[in-house]
Amino acid sequence: MSKWELDPNHPLTPAYVQWVDDCNIHALLSPKNNCTAMRNVEYKGKNWTIHNHFFWLSRAEAIELYTTHGATALVQDATDFPIRPSDYDSSTAPAWVVAGDPYFSTIVSSLNLSVPAQEALEALKAMHIASIPLRENADPSLHLGCWDAGVYQLNRIMKGTPEHTLCREKAKALARHLEHGVYTFGFLQR
């Protein structure tokens, strides 16, 4: 038995809560995260728009960022394609649905992140910004014209750049930082 068991009646310690918050950033940056956004994807005779609910910026933040960097096509995509899940009644929808935001963007600002998680998220933001001038001429199959293009898509276009290398290094450092929690918090035994 581990020293610390997950028990629904056990108060969650601040260390555990921070570890879980950091795990959100780890999941975002994981090479196994294949979350993507796509537009006008034909399937069974219909065109589909696929949004990335695991995108870390709100639509307003993305529009501001893309406007600042002169990415008018990305601003237009964010304007034309807000995220609006069809299973919400507009009169009772949460604020993030009304704003057309990805769900993850609503929680990322409330996370209590450790220094390694903050550094990893900052490296992702830097890579995202560095990708902006490259996106317009990118392989169309990558769908990098989507305002909510995911880390998977950014990794494809940024591979080999200093920003990508730094982001991968920070993600690996975060993974090493989180490793202890798997055992400390009783998910696995040594």
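Note on the chain: Kirkwood hydrodynamic radius from all Cα pairs is 18.1 Å, rounded to one decimal. Rolling a 1.4 Å probe over the protein heavy atoms of the range 110-171, with every protein chain left in place, gives an accessible area that is 53 percent carbon and sulfur.
Of F54, F187, the order by accessible heavy-atom surface (1.4 Å probe, DNA, RNA and ligands excluded), from most exposed downward, is F187, F54. Averaged per residue, the chain has 58 square angstrom of accessible surface, using a 1.4 angstrom probe with ligands and nucleic acids left out. In the range 64-168, the C-alpha radius of gyration followed by the widest Cα-Cα span (Dmax) gives 15.2, 47 angstrom.
Here the alpha carbons of the range 79-131 define both size measures, Rg and Dmax, at 14.6, 40 Å. Under the membrane-span-like helix rule (DSSP H runs whose alpha carbons stretch at least 24 Å along the helix axis, mean Kyte-Doolittle hydropathy 0.0 or higher), the chain yields 115-135.
The values are calculated or read from the model by the stated rules, or taken from the named source; none is laboratory data. Since we're looking at a predicted model, the values are computed, not measured. Surface accessibility is based on the protein's heavy atoms, side chains included, excluding ligands, DNA and RNA. Shrake-Rupley method; radii C 1.70, N 1.55, O 1.52, S 1.80 Å.
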